[in-house]
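Notes to accompany the following structure.
The values are calculated or read from the model by the stated rules, or taken from the named source; none is laboratory data. These numbers come from a predicted model, not from an experiment. With ideal geometry, Cβ positions are generated from the backbone for all residues, glycine too; neighbour counts draw on all protein chains shown. Areas reflect the complete protein model, heavy atoms only, side chains present, ligands, DNA and RNA absent. Shrake-Rupley method; radii C 1.70, N 1.55, O 1.52, S 1.80 Å.
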Amino acid sequence: MPCLAAASTVTPPIQTFEQLAQAQQTKQTIQIIDCRDSNYFNGWPNGDATRGGHIPNAVNIDSQWLTLLTPAQMTSLLKNRQLSQKVPTVLYGDKTSTAAMSDALKQQGFSFISTINQPVTGYVGKLKTLKNFKHLVSAQWLDQLINHQQPLYAPQHGYKIVEVEWGPPSTYLLSHIPSSLYVNTNDIESKPWWNKVSDNDLKKVITDLGIRYNTTVIVYARNNMSAARFANFLMYAGVEDVRLLNGGWNAWENAHYPTQLSLMKTMTT
C-alpha cells in the first residue's frame, strides 16, 4: 500500500533514502514506487548486496514492464496499485529505471515526482520481503544453479527443472532450458472440466520424472499458468520444495542464457 497520511506536499523533492525516512517519520503524504527488477523487490539481494527486499509501503512496478504495457494497461496497473496522480510520488532504482518510470507517469498525468538512485541497501531501516520469496526464483538464480555456482537458497537434495505446456513438446524439442524435462498438461488434467487427474495417474507422472518428496523442482512455462498449475499439483502430492521461474521462459530468453536442443530432435534430423 502507498504511504498516505494527512499532510502537505513534499518539498523539496526527495532524492535520498535519508530524506525519504524523514518524510515517512513526519507522515508526509507520499506514495513510493520501487522501479527495480521484481526479484529484488520480492527479497532477493542484488549482486553482492547482503540483503534484499523493498522499502516499507513501497509498491513494485518493474520498469522492464513498461515496454509491454499499452497506455490503457498502464492506467489499469496504477489503479490496481492504488496510486494517485494527485499524490507526490517517490521513485527508487537505478537512473535508467527511474527515468523510464518518470516519463511513463508523466504521460499518465503525474506531476509531483521525486527520484532516488541510491542502492536500496543505503536505506537505514529494515527492508520488507515477500513471504516465501525463495520459491519464486530468477533466471539468473537458475543459470547459477545449472552451472554449479551454488546460488542463495540452493537445493539441498538434488533438483529437476520441468517445462510445462499443453500438447506435444514441439517447441520444447527445438529449444528449452538446459537439462529441463517436459510435462504435457494433458497428462495432469482431465476432461471435461480439466480437473486434476487421479492421484495414481499424477503419482506416475511425478515418479516418471524422477521426482521424490525431497527433490527441489523448478517449474517454468511459456504460458506461466501451466507452470503454476503443475506447481500446485506437486505441492498437493507432497513435494516439499517447489520453485517457479519468475517470468517463465520469456525471462530466460530475454536474459540471453543458453538454451538446449533436445537429443530427440537431433536424432530425427
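Brief remarks on what is shown
- Exactly one residue among Gly52, Gly47 is in a loop (DSSP other than H, G, I, E, B) and open to solvent by less than 20 Å² (accessible area, probe 1.4 Å), and that residue is Gly52.
- Residues of segment 88-135 classified as over 23 Å from Thr29 (Cβ atoms) and buried (at least 20 other Cβ atoms within 10 Å of the Cβ), total: 1
- When the test is whether a residue is open to solvent by 10 Å² or more (accessible area, probe 1.4 Å) and more than 22 Å from Gln15 (Cα to Cα), Leu145 passes it.
- Some residue of segment 52-59 being in contact with a strand residue (DSSP E or B) (Cβ under 7 Å, 6 or more places away or on another chain) and at positive phi: yes
- Considering segment 183-222, the residues that are closer than 21 Å to Pro169 by Cα and of a type in the set (Gly, Ala, Ser) include one that is modelled with the lowest pLDDT, namely Ser190.
- Filter result (touching a strand residue (DSSP E or B) at 6+ places or on another chain (Cβ under 7 Å) and part of a helix (DSSP H, G or I)) within segment 185-200: Thr185
- Hits in segment 178-211 - residues which are in contact (Cβ under 8 Å) with a residue 40 or more places away in the chain and surrounded by 13 or more Cβ atoms within 10 Å (Cβ to Cβ): Pro178, Ser180, Val183, Thr185, Ile188, Glu189, Lys196, Leu209, Ile211
- Only listed residue being in contact with a helix residue (DSSP H, G or I) (Cβ under 7 Å, 6 or more places away or on another chain) and small (Gly, Ala, Ser), chosen from Ser190, Ser226: Ser226
- Hits in segment 55-71 - residues which are among the β-branched types (Val, Ile, Thr), part of a loop (DSSP other than H, G, I, E, B) and surrounded by fewer than 20 Cβ atoms within 10 Å (Cβ to Cβ): Thr70
- Residue match in segment 213-232 (condition: more than 20 Å from the chain's Cα centre (by Cα), surrounded by 13 or more Cβ atoms within 10 Å (Cβ to Cβ) and farther than 27 Å from Leu68 by Cα): yes
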